[in-house]
Amino acid sequence: MTERQPLSRARYTAYIIILICACILLYLFYMRDMRFFLVPSSSMLPTFQPRDYILTLSANGYDRGDVVVIEDPMDPNQYMVKRIVGVGGDEVAVWHGALFVNGSYVSEPYILEPYIEYRMAPYTVAENHVILLGDNRNQSDDSSTWPQPGQPAGRIVGRVHAIYLPFNRMQLVNPYPFTIVPDDVPETGNPSAAGAG
C-alpha cells in the first residue's frame, strides 16, 4: 500500500485560485444575474456600435445616466439597451433639441447629435418608473416614441458594465452623472414655462 503524496505548493495554489474563481462566477451569475447581450442596432451610437457584445449585472437601484438593458415594451420577448434620463418624480421634457429634467437643461456630451427640432412634452415620471432614451437620439425607438413614455423599473434586466467583444472595442461602461445647468439655456428656454406640448 502506497502513501498518499502531499499536495505540492503549486497544485495547492492552483486549487485555491480555481475555488476563488468559481465563487466569483457563482456570485456574478446567481446573486447579480450576470447576462450577455448583442447590440443589434445603431440607436446607442456612439456609446455602442452595432454588433457590440455587452455584459450586464443587476443592481438594487438605477439612476439617471445609467445605461441599462430593459425588456422591449413593444415586444416582451426582446430586449433593448438605452440610457436612463429620468426616474420616479422627475419631470422630463425635450425642447428645441435639448433635454430638460425638472426644468433644468441637461448637458449630454455622450449623444451622437441633438434632436432635429423635436419636442417631448413635459412628462412626470411615476414612482418606480424610468424614462429611457437612445444616445443616437434621431434614430432610436425609446420613451420619446412609445405610447407610454415611463417604463416600470422592474423591467430592467441590468446595468451595462462592459463591452467584451469585439476585442478592439473591449472596455468598461460607466454611468454618466448628469450635469444639470441651474439656469435655463437662453436659446432653448424653459419647456415648462413655454408650455411645450
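Could you tell me whether any residue of region 116-132 is under 20 Å from Val173 (Cα atoms), of a type in the set (Gly, Ala, Ser) and in a strand (DSSP E or B)? No, region 116-132 has no match at all. Among residues of region 34-73 being of a type in the set (Asp, Glu), touching a strand residue (DSSP E or B) at 6+ places or on another chain (Cβ under 6 Å) and in a loop (DSSP other than H, G, I, E, B), the one that is surrounded by the most Cβ atoms within 10 Å (Cβ to Cβ) is Asp66.
Yes/no per residue for (1) touching a Pro at 6+ places or on another chain (Cβ under 6 Å); (2) free of Cβ contacts under 8 Å to residues at least 40 places away in the same chain; (3) part of a loop (DSSP other than H, G, I, E, B):
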site	(1), (2), (3)
Arg83	no, no, no
Leu99	no, yes, no
Tyr105	no, no, no
Ile111	no, yes, yes
Ser144	no, no, yes
Arg159	no, no, no
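Scanning region 174-186 for residues that are in a loop (DSSP other than H, G, I, E, B) and either under 16 Å from Gly103 (Cβ atoms) or at pLDDT 95 or above (or both) returns Phe178, Pro182, Asp183, Asp184, Val185, Pro186.
Taking region 46-60, which residues are over 13 Å from Arg35 (Cα atoms) and in contact (Cβ under 8 Å) with a residue 12 or more places away in the chain? Steps first, please.
Filtering region 46-60 down to residues over 13 Å from Arg35 (Cα atoms) leaves 46-52, 60.
Within region 46-60, Pro46, Thr47, Phe48, Gln49, Arg51, Asp52 qualify.
The values are calculated or read from the model by the stated rules, or taken from the named source; none is laboratory data. None of the values given here were measured: they were computed from a predicted structure. Note that each Cβ is placed from the backbone with ideal geometry, even for glycine, and that neighbours are counted across all protein chains shown.
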